[in-house]
C-alpha cells in the first residue's frame, strides 16, 4: 500500500495508525490525511507535510489555521511559499519570510507590493535582477522612476519601452537605446514616446517589417505639423 492508497482507504474506513503512518511517507498525502481524515492537526502529519514547502504552507492554512515556527520555516525554503505564508497566514511582514522571498525577483516584488505594502532597498535590489520585475517595482511600488530600476528595465527592450511610456513618461537616451535592440520596440518608442522621427529608432527598423509602418507614422506626423 502506497501513500495515496493509504489515504484513500482511510477516507472510506476512517483513521488508524497504520494508514496514517503510510500516508506520512508523502507530504501531500500527510496533509490530505490531516485535512480530510483526521480533520485536525497532529505532530506526525504536520512534520511529514513540512518536508515540502507547498504542503507546509497548506497545512498551516487549512489544518492548523494559524502560524507556527515549524511550518513557517518549512514554507520559507521556497520563495513562493514564504511569500504566501507571510500574506495568508502571518498576515504581516517578517525578516525571515522576506529574506526567503528575496531569493527570487518575482516574489521579492510581490512581497514588497502585498506584504510590506511599500518599497525597501532589499526587495528592490532583488527585483532589479529581472527587467520585468524592476519595471513592475517602479510602476506599482516606488510609483516613480529611479536610476536602479530604470537601468534594470533597460536590459530588455520591451521593459525599456514600457518604463519610458508609463514611468518616465518621456523619452530618454538610455531607454531609447535599450528599446532599439528590437525593431518592434524601436518603432513603438518612436510612435508612442518620441512621437516623432529619430535617427536611432529609424536605423533599427530599416529592412524590417516595421519600416513601412514607421514611414507612415512619420508622414502622418509631418502632415499634422503642416496643418
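Here, each number is a calculation from the coordinates, and none is a lab measurement. Fair warning: this is a prediction, and the values are worked out from it, not measured in the lab. Here the Cβ is made from the backbone with ideal geometry for all residues, glycine too, and neighbour counts use every protein chain on show.
Cα centroids of the stretch 12-88 and the stretch 192-223: 58 Å apart. Helix 211-226 sits at what angle to the longest principal axis of the chain, using alpha carbons and giving 0 to 90 degrees rounded to 10? Once rounded, one gets 60 degrees. The calculated 222 nm mean residue ellipticity attributable to helices in the chain amounts to -14500 deg cm²/dmol, summing -39500 (n - 2.57) over DSSP H runs of n ≥ 4 and dividing by all residues.
The Cα atoms of the stretch 98-227 give a gyration tensor whose axes a ≥ b ≥ c have a/c of 1.5 or more with a/b greater than b/c, which makes the shape prolate. Relative protection proxy for 201-207, 41-47, 215-221, from highest mean packing down: 41-47, 201-207, 215-221 (other beta-carbon atoms within 10 angstrom).
Taking only Cα atoms, what is the 0 to 90° angle, nearest 10, from helix 3-13's long axis to the longest principal axis of the chain? Roughly 60 degrees, rounded to the nearest 10. As a proxy for reagent exposure, ranking 69, 8 by other Cβ atoms within 10 Å from fewest up yields 69, 8. Quick one: grab the alpha carbon gyration tensor of the chain, order the square roots of its eigenvalues as a ≥ b ≥ c, and give me rounded if a/c is under 1.5, else prolate or oblate depending on whether a/b is larger than b/c. Prolate shape, in that a/c is at least 1.5 and a/b is the bigger ratio.
Using only alpha carbon pairs under 8 Å that are at least six residues apart, calculate the relative contact order of the chain and give it in whole percent.
On the way: 367 pairs, mean separation 18.6, N = 227.
Result for the chain is 8 percent.
Rounded, prolate or oblate: which fits the stretch 154-227 when a ≥ b ≥ c are the square roots of the eigenvalues of the alpha-carbon gyration tensor, with rounded for a/c under 1.5 and prolate only if a/b beats b/c? Present the calculation step by step, with values, prior to reporting the outcome.
Values: a/c = 2.40, a/b = 1.36, b/c = 1.76.
Here the stretch 154-227 falls in the oblate category.
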